[in-house]
Amino acid sequence: MEQFNIWGGTPLKGQIRISGSKNSTLPIMAASIMSSEEVIIKNVPDLEDVRVMALALQELGAKVTKEKDVLIINSKNINSSELPEKISRKMRASNLVMGALLGRLKNAQVAYPGGCAIGSRPMDLHVKGFEKLGYVITEEYGYMKGKAQDIKGNEIMLDFPSVGATENIMMAAALTPGTTIIRNAAREPEVVDLQNFLNRMGANIKGAGLDAIRIKGVERLGRVEHTVIPDRIEAGTFMIASAITSGDVWLENVVVEHIHPVISKLSEIGVMVSVANGGLRIVGNRKRYKPSDIKTMPYPGFPTDMQPQFMSFLSTINGTSLVVETIFENRFMHVQELCRMGADIKIEGRVAIIKGSDKLEGARVEASDLRAGAALVLAGLSAIDETVVTGIEHINRGYENILEKLTTLGAKITSTQKVDG
Ligand code: EPZ
């Protein structure tokens, strides 16, 4: 088990480059099996989740090679429509191959990924969308099975703007004859990136980023070369790393309009954020900060994937702040760990009440999931003395070279492998 040892109190200074988006790369990799020609994906982050998705595609018979940050995928000879449990349990987002398989092969069997630390992660909205397109979905023995029956485009209204359901339905509809409209669609930038990727392969999709997406089914999809958008959540995480340490950090390769909610919230607190040629400068000064409230919402609202990191920051600001988590039912696993560092946080259902104090104290804490782990590292960067964060494998799922990037910015942080037990 890997752990980080962090000695807090050093203001971070310097410049780093933000990597390609994990949550854009994963659906785009899934969509690559819809083409029977070569697909080239650039700016791919080197992450555990990307390696697992590559395994999933190879399980289906695709050829996947990686040269630095470029993925070359050839699904000419995919020979299976079954994604086994051993893969889907490793990473939930592998369920995104369901829509791609239904589109390409008109049948699919995907083992249910199951829940994770932040919630049960159901797929009812995905299933309802597939069924509206005429795919018969059965659920047996922990597998979701889909088969084309009388498939044609249709109008689909999502009860909730689910990112995964929007992406899965978009992929299935892209190769389903007729016109499909997805209403109350997720508007995340990663959905727009997937639309652009599919259109470059020959799909006919309009409206991603708005609340209704129109998809005209086509016969087949061809080759494409695509560069993945920067990771807005990694950018937000490093913005807080600068703010929480009263640092002065320059982030390059950032799409500013993807992180307006984070920029405006940090500015409201008193962090100086300036924008210049494709990058951001974040200057922190703890003397200026005042408490603030956040409420997570679907894009373009405040992103749930930034909630744990913000909670760490708010815990170090004198005064009372409120955090309302409206997206996932159990995304407060980091709270008890922050309290071990001296944070004063009370949970009432989906609301966390934070009584911030100047400093947190170092402690031994455990990461329960990806963003909770990032939040604990941020808390350690500002805490007095040493903080030990265990469960770093969660963090490596979604942050490329986080240790090197933090070290480049002057953080006092080391990594050690601990034998389990
Ligand atoms: C995507 O997950 C992201 N993952 C998540 O990022 C992100 O937190 C989430 O969107 C919300 O923005 C990837 O893109 C790989 P949802 P997804 O479907 O698609 C409920 C990270 O840290 N729901 O929008 O699974 C669900 O239970 C990860 O990088 C249903 O009820 O999220 C949840 O409460 C964590 N039925 C809410 O919707 C369904 O069929 C949002 O889920 C589907 C979802």
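The values are calculated or read from the model by the stated rules, or taken from the named source; none is laboratory data. Keep in mind that this is a model prediction, so the values were computed, not measured. Backbone-built Cβ (ideal geometry, glycine too); neighbour counts: all protein chains shown. When the accessible area is computed, the model is the full protein with side chains, heavy atoms only, and any ligands, DNA or RNA have been set aside. Shrake-Rupley method; radii C 1.70, N 1.55, O 1.52, S 1.80 Å.
Keeping all protein chains in the complex and leaving out DNA, RNA and ligands, what accessible area do you get for residue 124 with a 1.4 Å probe, in Å² to the nearest 10?
Approximately 80 Å² of residue 124 is accessible to the 1.4 Å probe.
Give or take rounding to whole Å, what are the principal axis extents of the alpha carbon atoms in the stretch 293-416, in descending order?
Cα spread of the stretch 293-416 along its principal axes, largest to smallest: 36, 29, 22 Å.
More than 35 angstrom separation, counting every C-alpha pair in the chain; what % is that?
In whole percent, the long-distance tail amounts to 28.
Can you return the lysines within cross-link range of residue 63? Criterion is Cα-Cα under 26 Å, with same-chain partners fewer than 8 residues away left out.
Within the straight-line limit of under 26 Å, residue 63 reaches these lysines: 22, 42, 76, 86, 90, 106, 145, 147.
For the stretch 18-104, which trypsin sites (Lys or Arg not before Pro) pass both filters: DSSP loop (anything but H, G, I, E, B) and at most 12 other C-beta atoms within 10 Å?
Loop-located and lightly packed - 68, 76.
I want to verify a result. In a Gaussian network model of the chain, Cα cutoff 10 Å, which of these has the top mean-square fluctuation: 238, 160, 302?
Residue with maximal mean-square fluctuation among 238, 160, 302: 160.
Would you mind telling me the antiparallel percentage of the DSSP bridges in the chain, rounded to 5?
Rounded to the nearest five, the antiparallel share is 75 percent.
Straight distance only, please: which lysines reach the Cα of residue 412 with their own Cα at less than 24 Å, same-chain residues fewer than 8 apart left out?
13, 287, 359
At 4 °C and 1.567 mPa s, grab the translational diffusion coefficient of the stretch 225-324 from Stokes-Einstein with a Kirkwood Rh over Cα pairs, rounded to a whole number in µm² per second.
95
Roughly how compact is the stretch 125-183, stated as its Cα Rg over 2.2 N^0.38 Å to two decimals?
1.05
Rolling a 1.4 angstrom probe over the protein heavy atoms, how many square angstrom per residue are accessible across the chain?
39
Once R0 is set to 25 Å, what does the formula 1/(1 + (r/R0)^6) return for the Cβ-Cβ distance between residue 17 and residue 272, expressed as a FRET efficiency to the nearest 0.05?
About 0.75, to the nearest 0.05.
Please report the projected area of the stretch 22-227's Cα convex hull averaged over all directions, in nm².
Dividing the Cα hull surface by four gives the mean projection, 9.7 nm².
For the stretch 112-261, evaluate the Debye formula with one uniform point scatterer on each Cα (no solvent term) and list log10 I(q)/I(0) at q = 0.17 Å⁻¹, rounded to two decimals.
Values returned for q = 0.17 Å⁻¹ are -1.02.
Measure off, as a whole percent, the carbon and sulfur share of the 1.4 Å-probe accessible area of the stretch 210-280, all protein chains present.
Carbon and sulfur atoms account for 52 percent of the accessible area of the stretch 210-280.
What is the extension gain from residue 149 to residue 66, computed as 0.36 nm multiplied by their sequence separation minus the C-alpha to C-alpha distance, in nm to one decimal?
Gain in length upon complete extension: 26.2 nm.
Count the DSSP beta bridges whose two residues both fall in the stretch 22-227, then state the antiparallel fraction as a percent rounded to the nearest 5.
So the antiparallel bridges amount to about 70 percent of the total.
Check each of the trypsin sites (Lys or Arg not before Pro) in the stretch 108-163 and keep only those in coil by DSSP with at most 16 other C-beta atoms within 10 angstrom; list them in order.
Those satisfying the criteria are 152.
Treating only the Cβ atoms of Lys and Arg (+1) and Asp and Glu (-1) as charged, compute the dipole magnitude of the stretch 198-285 about its Cα centre; round to the nearest 20 debye.
480
What area, in nm² and to one decimal, does the C-alpha convex hull of the stretch 271-340 cast on average over all directions?
With every direction weighted equally, the projected area is 5.8 nm².
What is the projected area of the convex hull of the Cα atoms of the stretch 47-125, averaged over all directions, in nm²?
Averaged projected area of the stretch 47-125's Cα convex hull equals 5.7 nm².
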